[in-house]
Amino acid sequence: MTRTLITSAIPYINGIKHLGNLIGSQLPADAFARYKRARGGEVMFICATDEHGTPAELAAAKAGKPVAEFCAEMWEVQKRLSDGFRLSFDHFGRSSSERNRALTQHFAGQLADNDLIAEVDEKQIYSKADGRFLPDRYIEGTCPNCGYEAARGDQCENCTKQLDPTDLINPRSAVSGSTDLEVRETRHLYLRQSKMRAKLNDWIDSKKDWPILTTSIAKKWLNDGDGLRDRGITRDLDWGVPVKRGDEDWPGMEGKVFYVWFDAPIEYIAATAEWADAQGLDDSAWQRWWRTDKGADDVRYVQFMGKDNVPFHTLSFPATIMGSNEPWKLVDYIKSFNYLNYDGGQFSTSQGRGVFMDQALEILPSDYWRWWLLSHVPENSDSEFTWENFQASINKDLADVLGNFVSRVTKFCRAKFGEQVPDGGAYGDAEAAVTDEIATRLKAFEGQMEAIELRKATSELRAIWVAGNEYLQSAEPWAKFKTDPEQAAATIRFALNLIRLYAVLSGPFIPDATATILSAMGDEGAAWPNDLDAALSALAPGHGFSVPEVLFAKITDDARAQMEARFAGA
RNA sequence: GGGCCUGUAGCUCAGUUGGUUAGAGCAGAGCGCUCAUAACGCUUUGGUCGUAGGUUCAAGUCCUACCGGGCCUACCA
């Protein structure tokens, strides 16, 4: 049996994510995980919240709460929302866990032992009023280049010039507005990933089947300028994994924490350990997914992420894994995504522009969002959400093509034969022809799912739904019922089995509808159609079923207009 | 500035290593059906494949330049 380890980029803790974030990693990862499980594979699907860093501290301060308490609450919120979207994580962890603390410190110790850590003294801006060091972008001031007054310390958003915070005229803290700033010397640890450039480059070169988006970003970082640069992996913050060298204190690093991007990917491993802990299992249960010396040899590890996360997953994290000189599992395939835009612009948290996960679930069931998002996932370029497109897709694909098919077949059967699969007649040439067509399409669909080509997969699935309507039209059981009721019975028996088949195939995308349909068909445990002929005879004469409620209500023009107005933003 | 991605029918997108009259869904038009969520089926109108050159027997596909859209550029994560 194949074993697949799947991780989705872990969402940052400081707020509720919008639909662009959702489709950028978690949702496609879920579709893939559901597919692999449906095919009988063993799957470990991991996600977590990314809780450390300056933005988390500031968000907590703004909320007037201790950061640990703030994170715990936001974890609950994000967990509830991921449940609402039916994200089937085996574990939804927290990067602030004890497991992650220990593993992060362990990796740092290993890297230091292998001479891959450098201690660097550098100068940073300290804000006395805020009582903290500030990252470059949290310093604001007037741009020396163009005079823009709200330029950030890393770059001026107005003229796009790269800046150093000390370049700014009249610098002030973006947090408090205080101008009481000073440059202070501070010591930090750097991951010497430049030493691993050749090794990383060879490794990337060996990945011929990765998305261009993934490899091109990695190659850019490897070859830009002087090549891959070392990266600071510690920060002067209170909230984070305390810097330690394994179990030992790290002289000179007192009071400092690891940088979020060092500990966040390690949480993939730690969250799997958290899963084992929660299940009451011992370490071997998670190590067989992560340690190639403890059973992970036959695991295929697939990561999902937005393009902004690619450098960390192709370079920094692999450098951490390789540099440990321990047999940890490296990623086998990195699926990266472009961005989803909202109606002519970007989603904006600050402007309240676009639909956020909590709002989406208030408006419509998760299947609606899942279907639209997965059938428009930005695989090849940035894509765009519009209400008109959303309404058209949902009404046509889900309500008309699939929902109405279920409705017309089950209601016709109930009216003419009662609520059980009708007996009589036999499958003939028409049924064989449809079965052939579906067999061909099913093979294509499976290939696209294996390749994680989700847009193509949804399009193929839709074509399989359409085949049912075509079949029904040519078989016209409503007419045959009057002249040859036996034939009509066979047609409806076949159509009821198509419904069951459609429910199974649709599971990765619209799991609630799948569950509803299978429940109505009286076959909750229906398995993947490895034998299509058998699958299309699975519901035998006499098998009881019920007519489900309308599966997908249409989105009216009025409703669409209201939603469009509500989410237009400030 | 540099790098990468992208520009194909009104809209959203497919177009395999260059190979016959460029495809799908939606929208539009016509016809059919009446079991069904006024749903379904069939037929059909739309494209000098961003522009201009070039390579080739042959270019949507390869090369160059230009125009437009987007992303990244290492202290946000």
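Tabulated results
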{"read-out": "Members of the range A:210-240 found to be in a helix (DSSP H, G or I) and either buried (at least 19 other Cβ atoms within 10 Å of the Cβ) or hydrophobic (A, V, I, L, M, F, W, C) (or both), listed by number", "value": "A:212, A:213, A:214, A:215, A:217, A:218, A:221, A:222"}
{"read-out": "Single unsatisfied condition, residue A:337 versus (1) open to solvent by less than 10 Å² (accessible area, probe 1.4 Å); (2) within 12 Å of RNA strand B (Cβ to nearest atom); (3) touching a His at 6+ places or on another chain (Cβ under 8 Å)", "value": "(3)"}
{"read-out": "Single residue of A:180, A:205, A:154, A:167 found to be within 23 Å of residue A:321 (Cα to Cα) and not hydroxyl-bearing (Ser, Thr, Tyr)", "value": "A:205"}
{"read-out": "Among (1) buried (at least 18 other Cβ atoms within 10 Å of the Cβ); (2) out of contact with any Pro (no Cβ under 6 Å at 6 or more places or on another chain); (3) modelled with pLDDT under 95, the one test that residue A:454 misses", "value": "(2)"}
{"read-out": "Filtered residues of the range A:27-42 (kept if assigned to a helix (DSSP H, G or I) and open to solvent by 10 Å² or more (accessible area, probe 1.4 Å))", "value": "A:34, A:36, A:37, A:38"}
{"read-out": "Selection count, the range A:218-228, where residues are more than 6 Å from RNA strand B (Cβ to nearest atom) and either under 19 Å from residue A:306 (Cβ atoms) or without any contact (Cβ under 8 Å) to a residue 40 or more places away in the chain (or both)", "value": "5"}
{"read-out": "Single residue of A:494, A:445, A:481 found to be in contact with a helix residue (DSSP H, G or I) (Cβ under 6 Å, 6 or more places away or on another chain) and open to solvent by 10 Å² or more (accessible area, probe 1.4 Å)", "value": "A:481"}
{"read-out": "Candidate set: the range A:48-83, residues that are more than 16 Å from RNA strand B (Cβ to nearest atom), open to solvent by 20 Å² or more (accessible area, probe 1.4 Å) and in contact (Cβ under 8 Å) with a residue 60 or more places away in the chain; chosen: the one farthest from the chain's Cα centre (by Cα)", "value": "A:68"}
{"read-out": "Residues being in contact with a Ser or Thr (Cβ under 8 Å, 6 or more places away or on another chain), of a type in the set (Gly, Ala, Ser) and more than 30 Å from residue A:563 (Cβ to Cβ) - total across the range A:391-426", "value": "1"}
{"read-out": "Which numbered condition residue A:407 fails, given (1) more than 10 Å from RNA strand B (Cβ to nearest atom); (2) more than 26 Å from the chain's Cα centre (by Cα); (3) assigned to a helix (DSSP H, G or I); (4) of a type outside the set (Phe, Trp, Tyr)", "value": "(1)"}
{"read-out": "Selection status of residue A:45, in a helix (DSSP H, G or I) and open to solvent by less than 50 Å² (accessible area, probe 1.4 Å)", "value": "no"}
{"read-out": "In the range A:298-319, residue nearest to the chain's Cα centre (by Cα) [restricted to those that are closer than 17 Å to residue A:264 by Cβ and away from RNA strand B (no atom under 14 Å from the Cβ)]", "value": "A:304"}
{"read-out": "Number of the exception - residue A:171 against (1) modelled with pLDDT of 85 or more; (2) open to solvent by 70 Å² or more (accessible area, probe 1.4 Å)", "value": "(2)"}
{"read-out": "Within the range A:340-400, helices (runs of 4 or more DSSP H) holding 1 or more residues that are open to solvent by 50 Å² or more (accessible area, probe 1.4 Å) and within 12 Å of RNA strand B (Cβ to nearest atom)", "value": "A:387-393"}
{"read-out": "Residue identified as under 17 Å from the mean Cα position of the chain (by Cα), under 19 Å from residue A:237 (Cα atoms) and open to solvent by 20 Å² or more (accessible area, probe 1.4 Å) among A:86, A:94", "value": "A:94"}
{"read-out": "Per-region count, the range A:12-22, residues farther than 22 Å from residue A:384 by Cβ and open to solvent by 10 Å² or more (accessible area, probe 1.4 Å)", "value": "3"}
{"read-out": "Listing of helices (runs of 4 or more DSSP H) fully contained in the range A:498-570 that carry 3 or more residues being at pLDDT below 95", "value": "A:557-566"}
{"read-out": "Test: residue in the range A:425-446 that is within 14 Å of RNA strand B (Cβ to nearest atom) and part of a loop (DSSP other than H, G, I, E, B)", "value": "no"}
{"read-out": "Selection within the range A:401-414 - open to solvent by 10 Å² or more (accessible area, probe 1.4 Å) and within 15 Å of residue A:459 (Cα to Cα)", "value": "A:401"}
{"read-out": "Hits in the range A:127-141 - residues which are open to solvent by 30 Å² or more (accessible area, probe 1.4 Å), more than 8 Å from RNA strand B (Cβ to nearest atom), over 24 Å from residue A:244 (Cβ atoms) and not small (Gly, Ala, Ser)", "value": "A:128, A:130, A:140"}
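The values are calculated or read from the model by the stated rules, or taken from the named source; none is laboratory data. Source: prediction; values computed, not measured. Glycine gets a Cβ as well: all are built from the backbone with ideal geometry, and neighbour counts include every protein chain shown. SASA here: full protein model, heavy atoms, side chains in, ligands and nucleic acids out. Shrake-Rupley method; radii C 1.70, N 1.55, O 1.52, S 1.80 Å.
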